[in-house]
1. What number of residues in segment 512-554 are among the β-branched types (Val, Ile, Thr), out of contact with any Ser or Thr (no Cβ under 7 Å at 6 or more places or on another chain) and closer than 18 Å to residue 602 by Cα?
2. When you check residue 706 against the structure, is it out of contact with any Phe, Trp or Tyr (no Cβ under 6 Å at 6 or more places or on another chain), over 24 Å from residue 745 (Cα atoms) and either modelled with pLDDT of 95 or more or open to solvent by 10 Å² or more (accessible area, probe 1.4 Å) (or both), yes or no?
3. Consider only pairs whose beta carbons are under 8 Å apart and that are at least six residues apart or on different chains; among these, list those whose first residue lies in segment 540-568 and is closer than 15 Å to residue 587 by Cβ and free of Cβ contacts under 8 Å to residues at least 12 places away in the same chain and whose second residue is among the hydroxyl-bearing types (Ser, Thr, Tyr) and surrounded by 19 or more Cβ atoms within 10 Å (Cβ to Cβ).
4. Given the conditions (1) over 23 Å from residue 738 (Cα atoms); (2) open to solvent by less than 30 Å² (accessible area, probe 1.4 Å), report the number of the one that residue 650 does not fulfil.
5. Go through the residues of segment 471-479 one by one and say whether even a single one is within 20 Å of residue 799 (Cα to Cα) and open to solvent by 10 Å² or more (accessible area, probe 1.4 Å).
6. Look through 526, 544, 550 and report the one residue that is among the hydroxyl-bearing types (Ser, Thr, Tyr) and closer than 23 Å to residue 815 by Cα.
7. Looking at segment 763-779 only, could you name the residues that are under 17 Å from the mean Cα position of the chain (by Cα) and open to solvent by less than 10 Å² (accessible area, probe 1.4 Å)?
8. Just one of (1) open to solvent by 10 Å² or more (accessible area, probe 1.4 Å); (2) not in a helix (DSSP H, G or I) trips up residue 932, so point out which.
Amino acid sequence: MSDTGFSTQNGSEGGEHYTNGPMQNPVINQLPSQGLNVSQGSYPQMISTKAPHQSAPAQYDYVHPQNPPTVNMYQRPIQTNIARPPLDPFKQVLAHQDSSVSRLPPQPPSVTAPAMPSNNLYASSQILPPSNWHYGNSSSSSQLSNFQGNHVTSWSGPALTPPIGMGYTKTSAQQNSIPGNRTTQSNYVPPAPNAVNPPVMQAYQPTRPPVGPPPMGIGASPFQGPATSPAGPPSSVDHPIKQGREHMPLPVDGTKVPNSFDTLESGGRNFAAPPPPPPTVAGRTATQSYPSLPPNYQNVGPASSASGMPPHIQPYPVGTQPFQQTLVSPAQLSSSLGNMSLNQAEQPEALKPINLLQERNILPRGLVTPPVPCLPHALQKFNCSPEVFRCTLTNIPQTQSLLNKAKLPLGLVLHPFKDLSLPVVTSSTIVRCRSCRTYINPFVTFLDQRRWKCNLCYRVNDVPEEFMYNPVSRSYGEPHKRPEVQNSTIEFIAPSEYMLRPPQPAVYLFVLDVSHSAIETGYLDTVCRLLLDNLNLLPGDMRTKIGFITFDSTIHFYNLQEGLSQPQMLVVSDIEDVFIPAPDSLLVNLNESKELIQDLLKSLPQMFTKTLETQSALGPALTAAHKLLSPTGGRVSVFQTQIPSIGLGALKSREDPNQRAAAKDVQHLTPATDFYKKLALDCSGQQIAVDLFVLSGQYCDLASLACISRYSSGSVYYYPSYHHQHNAGQVERFEKDVKRYLTRKIGFEAVMRIRCTKGLSIHTFHGNFFVRSTDLLSLPNVNPDAGFAVQMSIEDNLVDMQVVSFQAALLYTSSKGERRIRVHTMCLPVVNSLADIFAGADVQAITGLLASMAVDRSVSSSLSDARDALVNAVIDSLSAYRTSVLSLQQPGLLAPACMRLFPLYVLALLKQKAFRTGTSTRLDDRVFAMCQLKYQPLVYFMLMIHPALYRVDNLTDEGSINVNDKVIPQPPILQLSVEKLSRDGAFLMDAGSVMFLWVGGSCAPNFINQVLGVSDYTAIPQNMTQLPELDTAESVKLRSFVSWLREQRPFFPVLHVIRNESPLKTNFMQNMIEDRTESAFSYYEFLLHLQQQVSK
């Protein structure tokens, strides 16, 4: 795979390269390690800052050019055939261990034996693949002797990688004006009633204790007077690369600052945010147990709902003087943070040991809720919503060695551009730390009315005069009551200093496949109809532009210039050297040329009904789209129905249908060509994002095509076997997806950076993005349905800190032409014991981060390595808990209550399409599942890997909730096992993007008649995807429950009503992850295997 070169101000001229995706911190040389022993290093293969990054040809992993571009200096990618060292979050260096020995023994054919057959989940090869998962970086003192931490004002270490995206909210007309002429007054738009963290009125506390002590040498000492902010920009910057679309605001003293968002965001060092904490779950008494053999579970009721750890008051000192508060020792802090220490007489619920081999009912009654950090109420009430920010550990370890002992990953899971109703502030002065450029937030400390201390770098800053006025109370002299200090999620309308050019207009270009196979699917009629219906709902303003390109073996442009009587088609047949025939007439103003656009959409489906063209020139069509949008940037929406066959980017089928059920490694997960990645990097440099809709029943090589979206911050949508007549379910899903896609919020020319408290650092990002510099993510488009994950490490000890903070800032242009900044801030406590770390583990966030790491491992190494690493992650964490946390050793497989779902979730991952083996899985289906694991927000990801199963033929009002004067039933969630099904019932499975209503053969005729509207079981249609609106109590209850589930997500999950004879029954049964299959363990067998490995 070739890499794209960029000019840089901070590197060699030889062409360094950044990586997009798994990127290791190359600062530290690694020591040999075994299993999940993070104490001995994380990433064996490190990359020097000055050494060019090597990449294997056509490799599928996230690799970016390492030289960040200067302002307006973007260069076309240059293909370089160089060898790429492995970028491997799972890399294992086995010491004192025979490489042929695996922790995953083959499974024997007998159910009663604990081993596995050769075709099972953990089929082993002759040479053990690296199965260790390293979570952080560590080194000896000698290795760190020349290393500067991320709190130092200059950075000369290796380049790091980052990702992330976010969005804006609708405001009144006052905010919708382009921020050009602004006065010094502050205009504040309060959030809607359901806003996140609404302003909280409280008395001003001039002696409010700082959130953590100031490090020596930073800020003012107790013996010095107030620190003054030096004029001008920070003394030094990590990577002073000027970002083309961002600008720096004026400092509070009016001194000019360089117009570079990178400089503005970087400050004097790299800041990275650690991951949010995991939810804690109450333990259960082992009243129900497994039979010894085989795994026939007893039929018992659902478990009671798990409760997160209650917040506890932390004894912060009261009445502090500037920098003179009494410091709380780590031992005192551990005791104060929820009394979680194992030295206490009473153990917290989250740490109660559960024997998984005896306890059957581990699922809560409802969905698992995220844990609540153990912070004082004064801090917790301001914390960021877990829907936006979650950390894998809600209790941050004091040192990297302590984190290594826990064998748990430290990382963040983000959903930054989520649809939210949030406060929006318009001000000519955006208050930020003069050193690290952190935005003022609820966790800063006001030393008095004129000074505040940063919660990330502890520098003392002056409060600007304008900030003394509170637009909410219209009072003066209460800066601590400003919206910026009362809300952890807030959005600013940026002043003109944040713009290098006028904000770009909303530009939409649709690239449509019109070959014979495309016309046969009937998708073109659907797309054109949906565009006609939603043309006025496209996000934008009076400057919005739109254009169309169609392609088969040639490229067709459409002249829609105002004044024409009808659209004109311009055909370019030279696909080897595509040119734009009429550059000024192909992208037109939506409002000025609306009639011509409507005429084109009405006639387009009929124009190609008799086409005999079977070729697909997708590559040349994308090249034309890039040339057309380069002057402005925008969004390209590509609809493709077959594998590209001619021109640039042509592909050939690589899938062997006979190998779909292979028990070992899967081939061709990497792209066949680097054309689409190189083009995506070109697009990203011009602020163009490409979204790909694939509608095909044949192999399309998604592994290659998906690169065009992955590296341009786009999205991939996949509809296998789409046909307008033969697949009603796919048609309905496609229509709902496209409608939301056309009308949802969008941000253009965005960049994002994550900061964290001194001592923490980011070393890996996961998602769809391009890394512009070491910690700045380039997102040409950002949408509210995109999620990201971040891996972190602890570089410096946090011994003197009580809490740490994380902040994600997204600068983007709204569809209305406003430059906006969305800021999220999260605060978490620091602990000094393994017991506290385990008590704060967020099992869902951990699973989400491990899934992203496993996808990268599958692509960079092999699928079997990824599967081994997932299993080893469970073995190592449970071993660490057993040996280091449990005071009394007990027989069985023991897990803390908060981690009791970890083995179940990992087994669910192993049986998911992305990682399963031994089951027939199409290559495109597998690659798309991997894309979803990397891209989906956590809440949707969890439903995809572990669906929720409900019995719905006997819905009652017990535990129901009221939503908008409607009673919504709340049936308990059942284990995903056929044992929970019964022929006389009906069961609803919510798998995120799809729902199944399975009706048993002996289901009560009354339910079938009053809910499905048919006489008996045999009359249920095969392709039923709608619940009829019947005026019966049963129908109203079920439809209200299904509607409530659908409203919890932005996309529309299609409902399939199935019975035993339905073709989709296989899909339904494949989600029964607790049952054994021919090639995979049952949940009970998996627990037996884990126990065997943990007991070694």
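The values are calculated or read from the model by the stated rules, or taken from the named source; none is laboratory data. It should be emphasised that the depicted structure is a prediction, and the values quoted were computed from it without experimental measurement. Here Cβ is always computed from backbone atoms with ideal geometry, including for glycine, and neighbour counts include all displayed protein chains. These area figures cover heavy atoms from the full protein model, side chains too; ligands, DNA and RNA do not enter into them. Shrake-Rupley method; radii C 1.70, N 1.55, O 1.52, S 1.80 Å.
1. 5
2. No.
3. 568/558
4. Looking at each condition in turn, residue 650 falls short on (2).
5. No: zero hits.
6. None of the other options fit; the residue is 544.
7. Answer for segment 763-779, where residues must be under 17 Å from the mean Cα position of the chain (by Cα) and open to solvent by less than 10 Å² (accessible area, probe 1.4 Å): 763, 764, 765, 766, 767, 769, 770, 771, 776, 777, 778, 779.
8. (2)
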